[in-house]
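Have a look at the structure below, then the notes.
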Amino acid sequence: MPAQSTTKAAESAATRLRELSADLMKVAGEIGESMSSKDAHRLRTSIRRIEVAMEAGERVGGAKKLQSRLDKLRRAAGHVRDIDVQTDLLLGMDAGDYSGDCSALKNALLRSREKFEKKAVSQVLKAVSNDLEGRLEKAAAAIEQAGTLKQATSKDRVEKIREQYVEFTTEVPLDGDPLHDLRKAAKRLRYRLEAIPGRESRALEKEMKVVQDLIGDWHDWATLTEQAEKRLEARSIAFVAFLRSRSIAKRHEARHAIQALRLKLARAQSGKKRPSRAVISPGIHITA
């Protein structure tokens, strides 16, 4: 492959990382002594996108250390965001006879949020003071200077992502961490699609978002059920069962959507060569 093509691909990857880094630093700069639900969501999604963009520089010096720091920051914001989602579910619930249990769980979650919020804000301030922006720029510059990325057409890149989705949804997990891992893998594919121009990539991105969101709905209810089991007394067993029934219904919807998209994409690529396998997330294998 001509050096010019590999250089162009590297420059494109570096530009993408710089744009995402600017978004992250903007979000971090807007966080003061508190962290709103919107702040936590923007912080977490910005970091997830950066993690995908940094796949182009996995072998760059210092990349693993930077990824570890980003992961720590993302998780801190994630704890805040998760509680906000759970309390929103409780607020929007027609609890009926379970209103007392609903209020008790919401109050317990809000008390935990204070602790997680304080930790997350501290992590943001620490990351900014430790020159997170400079570290991200170094990673982008290293990717650009390496200039060893293979150039591929948008059509080929989209087709590869289709194949990867079909590959890692061959067996759809029934529940638990494997199903959540599948959501994370689908999210990474969607973030890769964001960097690919064209109607074809936008259409597939939209379809994957639907699947990702449905799995997310299941996970939110499943996590809320776990919190109820952990924080409420044994007399609330009926309320826990009520939450579990919601979780199970959401799981069925998610699994149906996963399988429906797989069937559609598998039919579209019928007869084409299947991709090699590589780990992207625990329990999920797709090419990088």
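The numbers here are math on the coordinates, done by the rules we state, and not lab data. Only a predicted model underlies this, so the values are computations on that prediction, with no experimental measurement involved. Counting neighbours? That spans all protein chains shown, and the Cβs are built from the backbone with ideal geometry, glycine included.
For the chain, set up a Gaussian network in which alpha carbons nearer than 10 Å are linked by springs, and say which option among Ala241, Ala13, Ala76 fluctuates the most. Highest fluctuation among the options: Ala241.
Axis angle, to the nearest 10 degrees, between helix 63-91 and the longest C-alpha principal axis of the chain: 30 degrees. Magnitude of the charge dipole for the chain, about its Cα centre and with charges confined to Cβ atoms of Lys, Arg (+1) and Asp, Glu (-1), is about 820 debye. Past 19 Å, Cα to Cα: identify those pairs from Lys115/Lys184; Lys126/Lys184; Lys118/Lys209; Lys160/Lys264; Lys64/Lys118; Lys26/Lys187, in the order given. The pairs that break the limit, which is 19 Å between Cα atoms, are Lys115/Lys184; Lys126/Lys184; Lys118/Lys209; Lys64/Lys118; Lys26/Lys187. Along the positive direction of the dipole of segment 1-151 (beta-carbon charges: Lys, Arg +1; Asp, Glu -1; about the Cα centre), which of Val60, Ile50, Ala127 reaches farthest? Positive-most Cα among the choices belongs to Val60.
Simple point charges give the picture: +1 on the Cβ of Lys and Arg, -1 on the Cβ of Asp and Glu, and for segment 1-151 a dipole about the Cα centre of about 600 debye. Between the Cα long axis of helix 199-231 and the first principal axis of the chain there is an angle of about 30°, rounded to the nearest 10. Estimated from helical segments only, the mean residue ellipticity of the chain at 222 nm is -27000 deg cm²/dmol, where each DSSP H run of four or more residues counts as -39500 (n - 2.57). Over all projection directions, the Cα-based convex hull of segment 1-137 averages an area of 10.2 nm². Considering the chain as a Gaussian network with a 10 Å cut-off on Cα pairs, which listed residue, Gly96, Gly176, Gly61, attains the greatest mean-square fluctuation? Comparing Gly96, Gly176, Gly61 in a Gaussian network model of the chain, the most mobile one is Gly96.
If you sort the three axes of the alpha carbon gyration tensor as a ≥ b ≥ c, you get a/c of 1.5 or more for the chain and a/b no higher than b/c, which makes it oblate. I'd like the orientation of helix 99-129 relative to the chain: the angle between its Cα long axis and the longest Cα principal axis, in ° from 0 to 90, rounded to 10. Taking the Cα atoms of the chain, the angle to 99-129 is about 30 degrees. Where a ≥ b ≥ c are the square roots of the eigenvalues of the C-alpha gyration tensor, would you call segment 122-258 rounded, which needs a/c under 1.5, or, failing that, prolate if a/b is larger than b/c, or oblate? It comes out oblate by the Cα gyration axes. Ordered by the count of other Cβ atoms within 10 Å of each Cβ, fewest first, Arg251, Arg157 give Arg157, Arg251.
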